[in-house]
Amino acid sequence: MRGRLPRRAHHPVWFDGAMPLPIENYALIGDLHTGCLVGTDGSIDWSCLPRFDSASVFGALLGDRDHGRWLVAPAEAGATATRRYVDDTFVLVTRWTTSTGVVEVTDLMPVGDRRADVVRRVTGVEGTVRMQEDLRIRFGYAAALPWVRQLPEGDETALVAIAGPDAVVVRGPHLTAADHTHAAEFDVAAGETVDMTFTWYPSHREPPTAPDVDAVLADTVRWWQAWAARSQEPSAYDREVRRSLLILRALTNEDTGGIVAAATTSLPESFGGSRNWDYRYVWLRDASMTLQALILHGFAEEAEKWRGWLLRAIAGDPADVQIMYGLAGERYLHESELEHLPGYEGASPVRLGNAAFTQYQGDIFGEVMVALHEARQLGVAESEYSWPLQRALMQYVEDNWTRPDNGIWEIRGEPQHFTHSRVMIWAALDRAVQGVEQFGLDGPVDRWRSLRDEVRAEVEEQGWDADRGTYTQHYGSAEVDASLLQLAQVGFVAPDDPRMLGTVAAIEHDLLQDGLLLRYRTESGVDGLEGTEHPFLTCSFWLAEQYARSGRVDDAVTLMDRLVGWCNDVGMLSEEIEVATGRHVGNTPQALSHLALVRAADAIGAALDARR
């Protein structure tokens, strides 16, 4: 069985740039340090250089074209476009058809050159096409207009823009300045190639030399395809799984091993609302789950690198552990608001940083211990310091497991005794016990076993609603939560256990909206926030996985087919879906959505194989 990737962008896609495109109209290109979002109109509307969490150079995504963008597209307003990635890469090829001819624009960020380059190559295919280039460089989240000058380079000139610590050098067709914009028009005939490059560098240095476009294009294609070739072939939804694994790798820093939750900040969970968060950081939870998806598909090297990141980030007293860090393990992620940016379609505030780094979320210990245990099972040997780190984390768990917390969804209301968090505490203890029992590691196994049993008993007593036959969102509540679907994933109950089936029935009754799952009922007020949100893709994939593992294989396939149908034309998913319109909602591409897709596909593949 194969999943289906619909094609949604094969239509006229001309926009005037006054507003950003629908979120699903963007495609990611990246260099394992950062990324750019390229729209179906040929405009790069989001780019933070040189890291995902750097300030934006192009910020039109959170405002309009005057907040920074780089457009390369036909000048003809009626041009139509289709696009694709070169197989198993993040080299994006957009084919434009006009009344006078056809051109292709190849966009990429070179991998492995230790530079922050963006390369755009225009190739004539048929006839002659008049192209336009519109470049608006805005450093510092569009707060800093650069000083721009032209520098001679042989027979040509390079454009250099500088503001504070940031500088870029732009090469290609000669650009003319007007009203803080640099623009050009040029013709491309069949067989002709026009290259444009954009390179960030620290402003106190000299401009880097021009990249060799032929070489970096070939090297980048080769690198991505070699990486993808290491993947163990899935048995179901292979195309979607393969692209999801590539997206997870693109969100992983090649130097530090840190895995960001998404490439963007402040794309709203509700259009026009205030649930807008900065996701360009490394959550222990999301990174742990991503690690599981990667190692289950043969990527042990990434597991070792991420474990190294974890060791560095948590170094010192485990009492200082945070639920999230910067890409290199930075601890201080102070949340502020960028008032000069109007936000995506007016959704404000635009946030920089994330105050959740100060929260206590008990579930993260379970996710970390589960991921590291799976790495052991797949042959990733413990290093000199990795098991001592895990023992230190377990000591922290022992000392703090009874605390209420902010939970997996990072509520900003009163902390609660969330059932999911308690179960993940149980999972942390369980994997510690298994580390001793299965792998001969040293530790106070009797104490861990006893505490594991105590946590289970508490969950069964206080997190279970006997009247409805379901586990509850938190102790003392009648609400349910889609995170309860993870109870079966970590082995707290079997997927077909009557308690789990009862919980699934309650989740279906309370949280299904238009056939997809909400995380929880926002009207309960548990999160302390205003407004509502849309169905959450990760939770819906978890439901498909649960269906597959509990024998409801046909239901799993039906739901999964619908879910992968929400992938955009290049296989990307954001955080949520507005079902009525099909619009993507929230930050993109969302690591949690893609790793949940991989888990669900694996479960469905196993169920189909068993049924055969």
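The values are calculated or read from the model by the stated rules, or taken from the named source; none is laboratory data. Here the structure is a predicted model, which is why all the values come from computation and not from measurement. Please note: Cβ atoms are built from the backbone with ideal geometry, for glycine as well, and neighbour counts cover all protein chains shown. Please note that ligands, DNA and RNA were not included when accessible areas were found on the heavy atoms of the full protein model with its side chains. Shrake-Rupley method; radii C 1.70, N 1.55, O 1.52, S 1.80 Å.
The table below gives the values:
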{"read-out": "Check on G78, over 22 Å from R583 (Cβ atoms) and at pLDDT below 95", "value": "yes"}
{"read-out": "Lone qualifier among A601, A610, A556, A580 - being among the hydrophobic types (A, V, I, L, M, F, W, C), within 19 Å of S235 (Cβ to Cβ) and at pLDDT below 95", "value": "A610"}
{"read-out": "Scope the stretch 37-46; condition over 13 Å from the mean Cα position of the chain (by Cα) and assigned to a strand (DSSP E or B); matching residues", "value": "V38, G39, S43, I44, D45, W46"}
{"read-out": "Meets criteria (within 28 Å of N25 (Cα to Cα), touching a residue at least 24 places away in the same chain (Cβ under 8 Å), open to solvent by less than 20 Å² (accessible area, probe 1.4 Å) and more than 21 Å from the chain's Cα centre (by Cα)) for L559", "value": "yes"}
{"read-out": "Residues of the stretch 278-322 satisfying the condition of being of a type in the set (D, E) and open to solvent by 30 Å² or more (accessible area, probe 1.4 Å)", "value": "E301, E304, D317, D320"}
{"read-out": "Residue, nearest to W46 (Cα to Cα), within the stretch 259-314, restricted to residues that are part of a loop (DSSP other than H, G, I, E, B) and among the aromatic types (F, W, Y)", "value": "Y279"}
{"read-out": "Residue match in the stretch 327-342 (condition: among the basic types (K, R), crowded, with 23+ Cβ neighbours inside 10 Å and part of a loop (DSSP other than H, G, I, E, B))", "value": "no"}
{"read-out": "Scan of the stretch 445-488 for residues that are surrounded by fewer than 19 Cβ atoms within 10 Å (Cβ to Cβ), under 18 Å from D430 (Cβ atoms) and among the polar types (S, T, N, Q), ordered by number", "value": "S450"}
{"read-out": "Hey, F439 on the phi < 0 side of the Ramachandran plot, open to solvent by 60 Å² or more (accessible area, probe 1.4 Å) and at pLDDT 95 or above or not", "value": "yes"}
{"read-out": "Conditions (1) farther than 19 Å from L341 by Cβ; (2) hydrophobic (A, V, I, L, M, F, W, C); (3) open to solvent by 20 Å² or more (accessible area, probe 1.4 Å); number of the one not met by V188", "value": "(3)"}
{"read-out": "3 or more residues in contact with a Ser or Thr (Cβ under 8 Å, 6 or more places away or on another chain), farther than 27 Å from T40 by Cβ and in contact (Cβ under 8 Å) with a residue 24 or more places away in the chain: qualifying strands (runs of 3 or more DSSP E) within the stretch 65-174", "value": "166-171"}
{"read-out": "Residue that is buried (at least 21 other Cβ atoms within 10 Å of the Cβ), of a type outside the set (A, V, I, L, M, F, W, C) and either more than 22 Å from the chain's Cα centre (by Cα) or farther than 30 Å from F357 by Cα (or both), where the choices are T220, T252, T209, T256", "value": "T220"}
{"read-out": "Sole residue being among the hydroxyl-bearing types (S, T, Y), closer than 30 Å to P202 by Cβ and at pLDDT 95 or above, chosen from T106, T94, T100", "value": "T106"}
{"read-out": "Filter result for D602 (of a type outside the set (G, A, S), under 15 Å from E240 (Cβ atoms) and either free of Cβ contacts under 8 Å to residues at least 60 places away in the same chain or crowded, with 20+ Cβ neighbours inside 10 Å (or both))", "value": "yes"}
{"read-out": "Hey, D442 of a type outside the set (G, A, S) and in a helix (DSSP H, G or I) or not", "value": "no"}
{"read-out": "Those residues of the stretch 571-581 which are open to solvent by less than 10 Å² (accessible area, probe 1.4 Å) and either more than 14 Å from C539 (Cβ to Cβ) or in a loop (DSSP other than H, G, I, E, B) (or both), in sequence order", "value": "G571, M572, L573, S574, E575"}
{"read-out": "Subset tally (residues that are modelled with pLDDT of 90 or more, over 27 Å from the mean Cα position of the chain (by Cα) and farther than 14 Å from S483 by Cα) for the stretch 506-533", "value": "1"}
{"read-out": "Residue in the stretch 380-425 that is most open to solvent (accessible area, probe 1.4 Å), counting only those that are touching a Leu at 6+ places or on another chain (Cβ under 9 Å) and of a type in the set (F, W, Y)", "value": "Y385"}
{"read-out": "Number of the condition not met by A556 [criteria: (1) touching a Phe, Trp or Tyr at 6+ places or on another chain (Cβ under 7 Å); (2) assigned to a loop (DSSP other than H, G, I, E, B); (3) of a type in the set (G, A, S)]", "value": "(2)"}
{"read-out": "Filter result for the condition that a residue is under 30 Å from R243 (Cβ atoms), open to solvent by 60 Å² or more (accessible area, probe 1.4 Å) and not β-branched (V, I, T), over R121, R114, R130", "value": "R114"}
{"read-out": "Selection count where residues are of a type in the set (A, V, I, L, M, F, W, C), open to solvent by less than 10 Å² (accessible area, probe 1.4 Å) and touching a helix residue (DSSP H, G or I) at 6+ places or on another chain (Cβ under 7 Å), scope the stretch 33-75", "value": "6"}
{"read-out": "Extreme residue, nearest to N406 (Cα to Cα), among residues of the stretch 489-507 that are open to solvent by 20 Å² or more (accessible area, probe 1.4 Å) and in contact (Cβ under 8 Å) with a residue 24 or more places away in the chain", "value": "Q489"}
{"read-out": "Single residue of the stretch 175-185 satisfying the filter (open to solvent by 20 Å² or more (accessible area, probe 1.4 Å) and touching a residue at least 40 places away in the same chain (Cβ under 8 Å)) that is farthest from Y201 (Cα to Cα)", "value": "E185"}
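To keep it simple, each residue is scored yes or no on (1) at pLDDT 95 or above; (2) of a type in the set (G, A, S); (3) outside any loop (DSSP other than H, G, I, E, B); (4) closer than 19 Å to W283 by Cα.
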position	(1), (2), (3), (4)
R205	yes, no, no, no
A218	yes, yes, yes, no
V221	yes, no, yes, no
W224	yes, no, yes, no
P234	no, no, no, no
S244	yes, yes, yes, yes
I247	yes, no, yes, yes
D255	no, no, no, yes
